[in-house]
1. Taking the chain as the reference, fit the longest principal axis to its C-alpha atoms, fit the long axis of helix 20-62 to the helix C-alpha atoms, and give the angle between the two in degrees, 0 to 90, nearest 10.
2. Which lysines does residue 7 reach when only Cα atoms under 20 Å apart count, and residues fewer than 8 places away in its own chain are ignored?
3. Counting only helical runs of four or more DSSP H residues, what would the 222 nm mean residue ellipticity of the chain come to if each run contributes -39,500 (n - 2.57) and the total is spread over all its residues?
4. Heavy atoms only, probe 1.4 angstrom, no DNA, RNA or ligands counted: give me 12, 5, 37 ranked by accessible area, highest first.
5. For the chain, what is the accessible area per residue in Å² when the probe is 1.4 Å?
6. Kindly give Rg over Rh for the stretch 1-62, based on alpha-carbon atoms, with the Kirkwood expression for the hydrodynamic radius.
7. Using a 1.4 Å probe and ignoring any ligands, DNA or RNA, find the accessible area of residue 23 and quote it in Å² to the nearest 10.
8. So how exposed is residue 42, as accessible area in Å² (1.4 Å probe, rounded to 10)?
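The values are calculated or read from the model by the stated rules, or taken from the named source; none is laboratory data. Note that the structure is predicted; figures quoted are calculated from it, not measured. Because the Cβ atoms are built from the backbone with ideal geometry, glycine has one as well, and the counts that use them run over all protein chains shown. Remember, those area values only see protein heavy atoms, side chains included, never the ligands or the DNA or RNA. Shrake-Rupley method; radii C 1.70, N 1.55, O 1.52, S 1.80 Å.
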Amino acid sequence: TQACHRKCVPPHYKDAELSKGESVCLDRCVAKYLDVHERMGKKLTELSLQDEELLKRMQQGTGTA
């Protein structure tokens, strides 16, 4: 939120409403944030599943359940 606000909205407000350019900038900035958030979530899930699988293999290899 702070990064998008800093990037898209000037520190001194001239109008009570956002300009069209500011709105478009904020929309794009938030879309990029959500895209990165989704990608990171998928990658972390993938890594977690790999860790689980490795742990299962290790437990099976040592005969522990």
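1. 10 degrees
2. Partners within reach: 20, 32.
3. -27500 deg cm²/dmol
4. Most to least solvent-accessible, the answer reads 12, 37, 5.
5. Using a 1.4 Å probe on heavy atoms only, each residue of the chain averages 94 Å².
6. Using only Cα positions, Rg/Rh for the stretch 1-62 is 1.41.
7. Here the residue's solvent-accessible area equals roughly 40 Å².
8. Using a 1.4 Å probe on the heavy atoms, I get roughly 130 Å².
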